[in-house]
Amino acid sequence: MRVVAAAGSSVWHLALRFDRGPRADLALRQAVAAAVDRDELVRVAAFGFGAGTRGYAAPSVVDWPQGAGVATPEKVPPPAAPLRLHPGSADPLLVTTLVAQLQRRGLPVTVLAGGNGGEWELRLERTHGVPYDPFTVVERFGAAVVGTASSGSSDAPRDVELAAAIDGLLGAADPATWPQHYARIQARLDQLLPIVPLFAPARLAVVRAGLPVPQLDHDLYRLDAGWLSRAR
């Protein structure tokens, strides 16, 4: 057997509650973002098969810009209690590595057992990847859910400026103009920090020895259909 790797397009990110609770303090959200070591996450949790990202979309989505780096704020009010992390469907290696990074920077974290129960301040989530991303940003942060109650896997956003940036994307009929709207959305995500992008796992295929190598691109739902016929 051999392993074939290509750039992936889904992204693991850390969702932060930004409308209430400890994460409503921007300085605390900035401290969480600054504590993340993406290289370590890829090396340990993805066994090297991945790429760190600071953008909502994976680096393989070239029209979507990378986010800005976040410096640790000078004054970070210590949380009154450990931050509650909902692990979602993340592998335990990702959970434990991320928790250790936060704790090394003085941010105590407790992992909700089984991902169940009560309120959370942090949650590990993964996007669907191309062809659905980066447009899942519309469902996640769009104007249609501004001001609604929290539901689903994450908080409904309540940021008018972010929703307006997404409205600009939805109203852009010419795809050539989409990158400028992507940049506006990413800029607001950098300011607001409702999520902290972590890394994009590589797309992998395991191929029996002697077979030709399939051509993988970053569309997670498509495979080169002719690769097996070329072996005959």
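Placing R0 at 41 angstrom, the Cβ-Cβ distance between Gln66 and Ser229 gives a FRET efficiency of 0.60 after rounding to 0.05.
Averaged over its residues, the chain has an accessible area of 49 Å² per residue, based on protein heavy atoms and a 1.4 Å probe. Legend: P(r) of the chain from all alpha carbon pair distances, 5 Å bins from 0, whole percents, reading 1, 6, 13, 17, 18, 16, 12, 7, 5, 3, 1, 0, 0, 0. Helical content alone sets the calculated 222 nm signal of the chain at -8000 deg cm²/dmol, taking -39,500 (n - 2.57) per DSSP H segment of four or more residues and averaging over every residue. The modelled label-to-label distance for the pair Ala80/Val160, using points 7 Å beyond Cα in the direction of Cβ, is 2.9 nm.
Working ranking of peptides 79-92, 171-184, 126-139, 191-204 by packing, defined as the average number of other Cβ atoms within 10 Å per residue, highest first, is 191-204, 126-139, 79-92, 171-184.
Computed over protein heavy atoms with a 1.4 Å probe, the carbon and sulfur contribution to the accessible area of the chain reaches 55%. What does DSSP give for the chain in terms of the percent of beta bridges that are antiparallel, rounded to the nearest 5? The answer is about 75 percent antiparallel. Considering only beta bridges that DSSP places wholly inside region 1-134, some 50 percent are antiparallel.
Annotation: extensible slack from Glu119 through Asp19 equals 34.7 nm (criterion: 0.36 nm per residue apart, minus Cα-Cα distance).
The values are calculated or read from the model by the stated rules, or taken from the named source; none is laboratory data. Small disclaimer: the values here were computed from a predicted structure and weren't measured. FYI the Cβ positions are ideal-geometry reconstructions off the backbone, even for glycines, and counts take in every protein chain you see. Please note that ligands, DNA and RNA were not included when accessible areas were found on the heavy atoms of the full protein model with its side chains. Shrake-Rupley method; radii C 1.70, N 1.55, O 1.52, S 1.80 Å.
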